[in-house]
Structure formats: C-alpha cells, structure tokens
Amino acid sequence: MSDLEIAQNRVEELHRQLNHHAYRYYVLDSPEISDAEYDALMQELQRLEAQYPQLVTPDSPTQRVGAAPVEAFGVVEHRLPLLSLGNAFNTEDLYNWYTRTSRLLGVRQFDMVCEHKMDGLAVALIYENGQLTRGATRGDGIRGENITQNLKTIRSIPLSVTKDAPPAFEVRGEVYLPRAGFRKLNREREEEGLPLFANPRNVAAGSVRQLDPRITAKRPLDIYVYMLGWAEGITVPDTHMETMEYLKTIGFKTNPNNRQVKSIEEAESYYQSWLHQRETLPYEADGVVVKVDLLEYHNRLGDVGREPRWAIAYKFPAIQGTTRLKEIGINVGRTGTLNPYAILEPVQVGGVTIKQAALHNEDDIRRKDIREGDWVLIQRAGDVIPEVVGPIVSRRTGEEKEFSLIAKVFDKEKGRPACPECGGEIIKPEDEVMYYCSNAACPAQVQERLQHFVSRGAMDIRGLGEQLCAMLLREGFVRDAADIYTLKDKRDSLIQIEKLGEKSVDNIMNAIEKSKSASLVRLINALGIRHIGEETAGLLTENFTDLDDLATATEEKLMNVPSIGPKIAESITAFFRQEDNRNIVEKLRKAGVWPRQEIKKAGGLPLTGMEFVVTGTLKSFSRDVAHQRIKALGGTTKDNVTRNTIYLVVGEDPGENKVNRALTLGTKRINEEQFLALLEKKD
C-alpha cells in the first residue's frame, strides 16, 4: 500500500471520527471526548491535508465549522458565515500566527485585542428597526437553528436597542452559564435525585436549544457580545475595540476583561496572567482570543477554509480528558472510612499523567451511574485531585459492571465484608453514606491519622510528608502520632536512612519542637476525631480549657456548646473512651504538648445567644470571615437553618433550600448591607 493510500484511509477515518464528535458536541450537547482530544484529531487531519492537498474534499471537517442544525427549530441562513477560529497551543504557535499575519499585511507591527475564549454557545442576533427579530445558533457556520424565543428569555440580551443603533445589523455573542448558576443547578438536581450536569458549557447549549422556552427561562443564562457581524445604514468604527465600545453604548453586554495590546509580547502577557487566574473567573474560559484590531485589516486578510486569518484562539492547557475506568479501588481513611477511587488507563490532562481520580462514595457512584469498564470524563483544576465527572454512556459495550462496595470487600474466607487493609469488620451507621472499618488499630487508619496530625491545618510539622510517615510506621520509629515527639532520641538512626541527610533530619526535629507551641485548636483538630474539623475545634476551645477538660465532658455538657449536636458529642466521648486514644493524649502531655486556652466570657458580647446562617456569596468578605466576625461578637454560626437560627444572611446566588427553610420557620432574612450595618452597630 502506497503512502498516499495509507494517508487516504487515515483521512477517511478522521472524517468519520470528527463528524461523529462534532455531532455529539454541537447537536446532542453530549460530547464523548474532551476539547483537547478533538483538537488533536483536527490537527492531525490538517497536517495530512497540507501534505496531500488532493485529499481535501468539500465535506472535510476542516472546511466546515460545526454540525448540521436541528430541523425541529427551523433552519435559517446566516448572511455572513460564522467562522470558527484557528488554535494556538503554545507560545511558538502564537508568534507564528503574528509573523504570518504581519507578512500578509506588509506591516511590522499592528494593534490587537485580547478577549477570553468563553466556553459556551455562539449565537447571532439580528436587530431591525431597534427590535430583536431573530436569534440563531452557529450551526454549521452557514445555516443555524432559529432559537429566537429561547434567547429572548436571557435577560442580558436586549429585546430593543437605542436610537443610535443601525437600522439593521447583526451582533455575535457567546451564551454561557455562570459558574455560580451551574453550582446552584447541580445542588437542586442532587436534592431531587437527578443526574448532575457535567459542565456549564453543556448546560448552556442544552438550555438555549430546548423546544420549550419556559425551560430555558429557568436557567440563569448570560451572554457577552464579542463582535459586530454586519450593519446597514451606518458607518461603523474603524477598529474592533471601538466597535465593542459602541455596542456597549447601544445596550449590549461586553466583557470588561477585553484589552487592547500593542505587541505580541503584551498578548502573551495577557494570556499568562489569566492562565493563572482562570479559576477565579465567574465563567468557564478555555483560552484567549487574539484579534487584529483594525477592521480594514480584517477585509485584507480574509479567511482560509473554516478560519479567519485575523484572529486566533490561544488555548489554555486542558483540564478535562477521557479515558477508561479499569477498576474501582478502595482505600481506608484516617477515621476508618472506606473510600472508593478510580483506577484509570493513564491519560494526559494539562501536561500531567492521570492514573487515579476521586470518587466520593457509593451513593455518588450510583447516582452518576459510573461502572467499572466505563469510558469516563475526568477533570483536573490546578493542584486539585482529579475527579471523575461522569460516564460516557454512549460508548458502553454492555460489558461494564455496576459497583457494589460490599461485594468489592467481601472476604470469602471470613464469610463477611472485611477491611481490605486489616480484615476488620465493616460497619455502616444508619444515618451515614460511608462504610467504616471498625478496627481502630487498622494500619491504614494509623498512617492516615499520622499524616493528618502533621498536616498544615493541624500541627503543621514541615518535612513529614506521606512517604516519610509511611516509612516511620513501617520501620517501627512510631506507632502513633504522639510518638513523633520521641524521634529526637532516634536522630542518629534516622540520619542513617537513605535519602535522609543530617540537615534534613535536623530541620524535621526543629519543626517537631516548634509544633509543641501549637494552639489548642490545632491540637484538637490534629487528633482526628470524627466530625471535628478546624471550625468545630475552635468552638470547643471557647468552652474547654485543655484536653483533660474536653475528655471528661459529658455528652450533655458538649451539646450545650452552640452548634454541637448529638452526633458530634457522641463522637467526642467515644474517642476519649478508647484506651489507645487516652494513651496518645497522655504521651502528648508527657512530651510537653499541652496547650491551654483561656475561656472568654461571652455574656457581655452583643451577639451572645444569636445563631446565624450565611448563604450565597458576599461582596465585602468571604463566608469564613463573616463567620469570624459573628463569633468575635459572641454569636454562633451554622451551616443549615434551624428553629434556633435568628438571622439568615443572604448573599448573591443563595441556596434555595436555606431561603425556603427560613420562610417556613419565620427566620429573619437580611441582605449583606443589613448584615454589615448590624456588625458595625454591635462593634
């Protein structure tokens, strides 16, 4: 077989794959692969067509923009095509685009505009005599779906514009679902027992393409207009940036993060700044669009195939990928929880090879219908542990296996479910979703508790990482967390260990010594008592002076502490009933790790006896800071509205359940302004 024949077969296969995935993405709003994987297929086809021009056909995916429109909406033809953008995946690609554009224009330098490449659905809006008359999807770039009635439900799309607008014109924009709206929708679906949405882009696309506009109206969609398509009866500004400012003056929402830049170095700097801030944006963005600013240059540059020469999309590294879930494994946490996790076929996501990903619990696995053998979508953001977003149901073969934790850990010899680490008995409290190993001496639990004890939020002992903690346990240097304070007597033995030099050991010893002065809050948190985190530990230190005081407290006394209920009280008393735990506390005392906390009398503080719940996002400060301000004035905070709640502080995007609960109980609701006034009045 000749090279041309091999290339032709591969091109045909790429046509098939790209058409299939374009249909899944643009028509069904249910992609089977990530954007990065789609881009890789498209790049391969572009390379082959460049090498063998005779293989380029009119129906090639490189010659079209999206997928055919859905006939149910009614098909409309775009007056000017809605083109897609070429991609740059690194600095070299960006500079090559700039050099190529400079050569075509015959100029050494030109102004550009940088914009966020938002992950939503491109639409075209036509206005005639000041009124919105038609809204359509991109479709295949030539023809789109008429979704006018659905788009009219989006409040940021003006139904009419000012008298300064052209008699007839088209604007193009990106419909998107804000992150906050996405989280809110998923919370509501979780409460209703419905499958969660995978990402905001799919929800936005699916929402504007509902046959019933009332469904669209219930979704908190938004839009940013990104260009003027065409206009009649008016002279438009000379530059893209000026055009965007003009569109803003006649009523359209434009992105305030758009920036004009004078050089390709400034464009690269804009990209780098947002690469590290992308998670702070209120919307999903998968890159930066760089456009030539002068519109005259747009006409001179024209288009090539499916892409305009005057713009390029500089993509952020991928945070999603698809791979096969080979097996669901089980690890044991510090409190004995049996935690499922995904064992994956290795896949590159954002430059990192992912082999494992988080699965929260069995209920979550069943709700998402994740099965062993599934192709799954995984997501990674920053340094966060990768998680499985959901299965790609369309790729199932029928050989996938539903997951059962009990079946997974069933020990045939013992005739019962058993801990995979120690063989201990498995229990599941009636009101909880997690299974637990009942053996407090389980080696996996001991290691997890040790790692928690030395972690930053607990005793903050720098240098004692996961591998070193495992080695200390394995080699018998420690049997529990309190033994860390005996390591100074084993310094010479530690130095002999491979990869542990004298300086490293001394640094660890200094960190251990420094941790002896940690606060009581940190120590209580470090003990790893079930249901006790840093916030609850802080509440306890307001009522108990030291570990002895806490250890001897009855459940009744514990429940007198605001926000401490029966479950937490029982967990604390059960912890101190165990002999192993009492021995750890005694060893800490002998080692001099015994912080005391003076109890502040809160009786005279202005918010004493008042319980607050904060919901939604506050503009003035974070929710944690709001809680701190309340507690500083003697008040208490809770996560859910109860009959004891005095005030529900309502920020932006509040939880509907909390608001409805407050209405039912007659709890007073205050907005952020009223909350600030209350704090200032009480200070």
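In whole Å, what three semi-axes, largest first, describe the equivalent ellipsoid of segment 203-273 built from its Cα gyration tensor (square root of 5 times each eigenvalue)?
Working: eigenvalues 176, 81, 19 Å².
That gives 30, 20, 10 Å for the three semi-axes.
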- Order these peptides, 448-457, 395-404, 45-54, by their mean beta-carbon neighbour count within 10 angstrom, highest first. 448-457, 45-54, 395-404
- Message: Run the numbers for TYR52 and ASN129: contour at 0.36 nm per residue of separation, minus the present Cα-Cα distance, in nm.
- Response: 22.8 nm
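I need ASP222, ASP411, ASP364, ASP431 ordered by Cβ neighbour count within 10 Å, fewest first. Before the final figure, lay out each step's value.
Values: ASP222 21, ASP411 13, ASP364 16, ASP431 6.
Starting with the residue having the fewest Cβ neighbours, the order is ASP431, ASP411, ASP364, ASP222.
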- Proxy exposure order for ILE670, ILE365 (fewest C-beta within 10 Å first) is ILE670, ILE365
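May I ask you to order 248-254, 116-122, 555-561 by the average number of other C-beta atoms within 10 Å around their residues, highest value first? Don't skip to the answer; put the middle values down first.
Working: 248-254: 16.7, 116-122: 22.7, 555-561: 15.0.
Going from most to least packed, we get 116-122, 248-254, 555-561.
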- Can you list the lysines whose alpha carbon is less than 21 Å from that of LYS291, not counting same-chain residues fewer than 8 positions off? LYS117, LYS248, LYS253, LYS262, LYS315
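If each residue of separation counts as 0.36 nm, what is the full-extension length gain between THR91 and HIS20 once their alpha-carbon separation is subtracted? If you can, show how the numbers build up before the last one.
Numbers: separation 71, 0.36 × 71 = 25.56 nm, distance 3.06 nm.
Answer, rounded to one decimal: 22.5 nm.
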- With point charges of +1 on the Cβ of Lys and Arg and -1 on the Cβ of Asp and Glu, referenced to the Cα centre of segment 520-590, which listed residue (LEU523, PHE544, SER571) lies farthest in the positive direction of the dipole? LEU523
- At a Förster distance of 22 Å, what's the computed FRET efficiency of GLU579 paired with LYS557, Cβ-Cβ distance as r, to 0.05? 0.50
- Task: Under 1.5 on a/c is rounded, so check that first for segment 624-683, then, if it is not, pick prolate when a/b is larger than b/c and oblate when it is not; a ≥ b ≥ c are the square roots of the alpha carbon gyration tensor eigenvalues.
- Result: prolate
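Taking the Cβ of each residue in VAL409, VAL393 as the centre, tally the other Cβ atoms inside 10 Å and list the residues starting with the fewest. Present the calculation step by step, with values, prior to reporting the outcome.
Numbers: VAL409 18, VAL393 14.
Lowest to highest Cβ neighbour count: VAL393, VAL409.
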- Determine the dipole magnitude for segment 75-315: charges of +1 sit on the beta-carbon of Lys and Arg, -1 on that of Asp and Glu, nothing else is charged, the reference point is the Cα centre, and the result goes in debye to the nearest 20. 420 debye
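What FRET efficiency do you get for ARG491 and ARG530 if R0 is 45 Å and r is their Cβ-Cβ distance, rounded to the nearest 0.05? Display every interim value, and only then the final one.
Numbers: r = 34 Å, r/R0 = 0.76.
Rounded to the nearest 0.05, the efficiency is 0.85.
Work out, step by step, the length gained on full extension between LEU275 and GLN348: first 0.36 nm times the residue separation, then minus their alpha carbon distance; give nm to one decimal.
On the way: separation 73, 0.36 × 73 = 26.28 nm, distance 1.83 nm.
Contour length minus the Cα-Cα distance gives 24.4 nm.
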- Task: Determine which lysines satisfy two conditions relative to LYS503: a Cα distance under 28 Å, and not lying fewer than 8 residues away in the same chain.
- Result: LYS488, LYS490, LYS514, LYS516, LYS587, LYS590
- Query: R0 = 51 Å: FRET efficiency of THR235 with GLU188, Cβ-based, nearest 0.05?
  - Reply: 0.60
- Note on the structure: Projected onto the charge dipole of the chain (unit charges on the beta-carbon of Lys, Arg, Asp and Glu, signs +1, +1, -1, -1), the Cα from GLY329, PRO220, ALA358 with the largest positive-side position is that of PRO220
- Between THR617 and GLU656, what is the spin-label point distance in nm, taking each point 7 Å from the Cα along the Cα→C-beta axis? 1.9 nm
- Query: Excluding same-chain residues fewer than 8 positions from LYS368, which lysines have a Cα within less than 18 Å of its Cα?
  - Reply: LYS184, LYS326, LYS401
- [x] 0.95; [y] 1.15; [z] 1.24: which one is Cα Rg over 2.2 N^0.38 Å as calculated from this entry? [y]
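Based on DSSP H runs of at least 4 residues, each adding -39500 (n - 2.57), what is the mean residue ellipticity at 222 nm of the chain after dividing by all its residues, to the nearest 500 deg cm²/dmol? Before the final figure, lay out the partial values.
Working: 25 runs with 242 residues, N = 683.
Result for the chain: -10500 deg cm²/dmol, rounded to the nearest 500.
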- Message: Using the basic label-point model (7 angstrom from Cα toward the beta carbon), what is the ARG479 to LYS414 distance in nanometres?
- Response: 2.2 nm
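Taken together, the values in this text are just the output of simple stated rules run on the coordinates, not laboratory data. All figures in this text were calculated on a predicted structure; none of them were measured in a lab. Glycine gets a Cβ as well: all are built from the backbone with ideal geometry, and neighbour counts include every protein chain shown.
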